[in-house]
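Working notes for the structure below.
The values are calculated or read from the model by the stated rules, or taken from the named source; none is laboratory data. Keep in mind that this is a model prediction, so the values were computed, not measured. All Cβ positions, glycine included, derive from the backbone under ideal geometry; neighbour counts span all protein chains shown. SASA here: full protein model, heavy atoms, side chains in, ligands and nucleic acids out. Shrake-Rupley method; radii C 1.70, N 1.55, O 1.52, S 1.80 Å.
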Amino acid sequence: MMNINFRMVVVWLLGSFVIGVQAHERFGERQVEIVPTKMWNDMNGEYINAHGGGILTYGGKYYWFGEHRPATGFATEVGVSCYSSTDLHNWKYENVALAVSQEAGSEIEKGCIMERPKVIYNKKTGKFVLWFHLELKGKGYEAARAGVAVSDTPTGPYRFVRSMRVNPKIYPLNLSPENRKTQWDWSKYKEWWTPEWHKAVVDGLFVQRDLKGGQMSRDMTLFVDDDGKAYHIYSSEENLTLQIAELTDNYQDHTGKYIRIFPGGHNEAPAIFKHNNIYWMITSGCTGWAPNEARMFSAPSIWGPWTQHPHPFIGPGAEKTFGGQSTYVLSLPENKYIFMADVWKPDSLMYSRYIWLPIDFDKAGSPVIEWKNSWKPVF
Ligand code: GAL
């Protein structure tokens, strides 16, 4: 009898706790857990508008940078937003870290597209460096440029430095000498997706087309290795091939050293982390805002060789990344990692949802990301 009463009390307590959490969520107060794909408000009760984002860990705080998206339409009207947190579930809105320019003709003029911003801290210069994918106003997705901005403080405002294609006039390290010499007969490759066209892509068709002006750079992330070297990882060659390019010591430019990975593999949305000296990368296929089956790769060195593995997801919807698309993996102390993805809502990109899940490892040491309705990031 006592036992039953005790159970009832526990159930009642749990029930009020759950209702309490929901009420708090509704009013945007303290969040107790992370609830993937649910509306996620900041501490002012406003919807968190930081898509395609990434996290900077600095000075005992986390800073979440992401795309500030409008309620309708997809061009950037505001810029890159920044939130801060000490516990990873309660986020304080800080400010617009990088604002679009009101000046006509500016590369970041209001109406451009800023995507997938990532910030890293440079210990040598003491500066925070923001990289993002930039499309020029009115040009759709044809510019395929990388933008750089810097700040002396984590929250900014960041000063736009410039935008560029990557490593003009330089061949990737792993394009063979024969392929560097190939004279492509472009009339043969007008039709995409034929076996001949695919082979040409693998052999560097688009690398060579873009050699003079620099390689295309769309979906992107950054990675700082243990030795302080930083890398820019981006979808290039018409989104058909990922490239990894080393950044200069101040993290504001490319050194010229870069490789191609999975030529013709059609990977987007790269997210990377290093665990037990293995580099792991999770990407998506290329289906725009619609979810698809994720891919996973590993390598013993950032320069490869990169090997493909089955995707790491387990649970309902795992075969389509639970409806999301990767954006970042946050590395925490003690070998803990959080996988972050966006569930895009193209009719109202502002309200695209977030999936954050912890990464576990199976017996063989491969990452496993299991669906959780809710969880608490206590590490
Ligand atoms: C996705 C990409 C997003 C955005 C979108 C535009 O494939 O991952 O970052 O560029 O396409 O349609």
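Checked against (1) part of a loop (DSSP other than H, G, I, E, B); (2) basic (Lys, Arg); (3) within 16 Å of the ligand (Cβ to nearest atom), residue 320 meets all criteria but (1).
The set of residues in the stretch 195-244 being closer than 22 Å to residue 182 by Cβ and of a type in the set (A, V, I, L, M) consists of 200, 201, 202, 205, 207, 211, 216, 240, 242.
Residues in the stretch 215-234 that are assigned to a strand (DSSP E or B) and within 13 Å of residue 272 (Cβ to Cβ): 220, 221, 222, 223, 224, 230, 231, 232, 233, 234.
Of the candidates 318, 290, 294, 341, the single residue that is in contact with a Ser or Thr (Cβ under 8 Å, 6 or more places away or on another chain), small (Gly, Ala, Ser) and farther than 14 Å from residue 51 by Cα is 294.
The condition (being closer than 18 Å to residue 133 by Cα, within 16 Å of the ligand (Cβ to nearest atom), touching a Gly at 6+ places or on another chain (Cβ under 6 Å) and not polar (S, T, N, Q)) is satisfied by just one residue among 240, 222: 240. Looking only at residues in the stretch 118-136 that are among the aromatic types (Phe, Trp, Tyr) and away from the ligand (no atom under 16 Å from the Cβ), which one is least open to solvent (accessible area, probe 1.4 Å)? If we take residues in the stretch 118-136 being among the aromatic types (Phe, Trp, Tyr) and away from the ligand (no atom under 16 Å from the Cβ), then 128 is least open to solvent (accessible area, probe 1.4 Å). In the set (1) open to solvent by 10 Å² or more (accessible area, probe 1.4 Å); (2) in contact with a strand residue (DSSP E or B) (Cβ under 8 Å, 6 or more places away or on another chain); (3) over 24 Å from residue 333 (Cβ atoms), the condition left unmet by residue 62 is number (3). Scanning the stretch 334-346 for any residue that is within 21 Å of residue 375 (Cβ to Cβ), of a type in the set (Lys, Arg) and not in a helix (DSSP H, G or I) turns up at least one such residue.
Scanning the stretch 70-106 for residues that are under 12 Å from residue 160 (Cβ atoms) and surrounded by fewer than 18 Cβ atoms within 10 Å (Cβ to Cβ) yields 101, 103, 106.
Could you list, in sequence order, the residues of the stretch 85-109 that are under 22 Å from the mean Cα position of the chain (by Cα) and among the aliphatic types (A, V, I, L, M)? Across the stretch 85-109, the qualifying residues are 88, 96, 97, 98, 99, 100, 108. For the stretch 329-379, the set of residues classified as in contact with a Leu (Cβ under 8 Å, 6 or more places away or on another chain), open to solvent by 60 Å² or more (accessible area, probe 1.4 Å) and either closer than 22 Å to residue 67 by Cβ or at pLDDT below 95 (or both) consists of 379 only.
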